[in-house]
1. Want the number for A108 to K36: 0.36 nm per residue separation, take away the alpha-carbon distance, what's left?
2. Based on the mean of other Cβ atoms within 10 Å per residue, sort peptides 134-142, 83-91 so the most packed one is first.
3. Quick one: with all protein chains in place, what share of the accessible area of region 74-154 is carbon or sulfur, to the nearest percent (1.4 Å probe)?
4. Taking the Cα-to-Cβ direction at L128 and at S158 and moving 7 Å from each Cα, how far apart do the two end points lie in nm?
5. Quick one: Debye curve from the C-alpha atoms of region 1-133, no solvent, what's log10 I(q)/I(0) at q = 0.18, 0.19 Å⁻¹?
6. Taking R0 as 41 Å, what FRET efficiency do you get between E57 and A165 from their Cβ-Cβ distance, rounded to the nearest 0.05?
7. Going by average Cβ neighbours within 10 Å, how do the peptides 263-269, 299-305 rank, with the highest at the top?
8. In terms of solvent-accessible area of protein heavy atoms at a 1.4 angstrom probe, what is the ranking of W117, W159, highest value first?
Amino acid sequence: HSVGIIGAPFSKGQQRDGVQRGADHIRAAGLVQKLKGQGCVVKDYGNLTFEDVPKDEPVGMLKTPRAVGRANELLAGAVQKIKSDGNTCVMLGGDHSLAIGSISGHAASRNELSVLWVDAHADINTPLTTPTGNIHGQPLSYLIYELHSKIPIIPNFSWLKPCVAAKDVVFIGLRDLDPGEHYILKHLGIKAFSMTEVDRLGIAKVMEQTCDHMFSKVKKPIHLSFDIDALDPSVSPATGTPVAGGLTYREGIYITEHICQTGLLSAVDMVEVNPNLGKTEDEIKSTVNAAVDLLLGCFGRVREGSHEPDYKIP
Ligand code: DIR
Ligand code: MN
Ligand code: MN
Ligand code: MN
């Protein structure tokens, strides 16, 4: 695997300080060295710099829309470049509003994508259905063709074009949806494995059916958008909107192993790791290590172990 890493220290898609420090914590836990240790060629493109956007007044319900729009425009350009350099792109957040730029930049280089959204939340509110005004709860509505007519004009978003079809989105891990989001999922017929389906089917069948759905026609490149709050708060407590009853560490790792095996993984987001929200050093460590291990699973780590083809017993 050749992997290009971009850090996006951005937090204005939600209101809890600290999530902008997620990327550096994931790096400090040894992501680059560990990926290299499992045979990946890794280029770290560093962190983006997001300048302050003055006078960023709310637009309707939307909080700090200009900062979110500008940050995502920058990120989209960076992801497009990393893809054109021939890498699988890893975007380290930051909050989940960054999926707007990450998926846009990915789509600009690849045209048709499947999006696997692993999250406790569906992040598909529109600017009119959002109960909070936080744009990290809305990125998919900006990206999906079928919702385009529901998105008003927002300052600093004029660069953005929808780039994903509703049929090419699959959710895993859902357990906290707003009414408008539930309506949109049903109305557009979006494939979703809530925690109820994970309980009923088990994660192996969920991944089989996820792949069956994504590969029903052509094999499109996969964009995996992983919100660390998909995992149970006992595993990843240092996140802004934890919800009880989440994926186990093992279920999370299984998802990444399975996606890696498809050979179609083309970009990954790892978002919502907020080191400020760990109550202890161990809570921060557990959350950050889970993020690192999920990323290692995306790039070939298998739990059965492995060895070089020319290995000889000494
Ligand atoms: C809620 C929470 N649905 C919202 N969303 C979160 O603000 O729209 N997404 N926490 O990760
Ligand atoms: Mn979430
Ligand atoms: Mn499969
Ligand atoms: Mn999310």
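The values are calculated or read from the model by the stated rules, or taken from the named source; none is laboratory data. Just so it is clear, the model here is predicted, and its values are computed rather than measured. Because the Cβ atoms are built from the backbone with ideal geometry, glycine has one as well, and the counts that use them run over all protein chains shown. These accessible areas exclude ligands, DNA and RNA; they are computed on the full protein's heavy atoms, side chains included. Shrake-Rupley method; radii C 1.70, N 1.55, O 1.52, S 1.80 Å.
1. Residue separation times 0.36 nm, minus the Cα-Cα distance, leaves 23.1 nm.
2. Order by mean packing, descending: 134-142, 83-91.
3. Details: 1240 of 2300 Å².
Its accessible area is 54 percent carbon and sulfur atoms.
4. Distance between the two pseudo-spin positions: 2.3 nm.
5. -1.07, -1.17
6. On the way: r = 34 Å, r/R0 = 0.82.
E(calc), rounded to 0.05, equals 0.75.
7. 263-269, 299-305
8. The most accessible residue leads, giving W159, W117.
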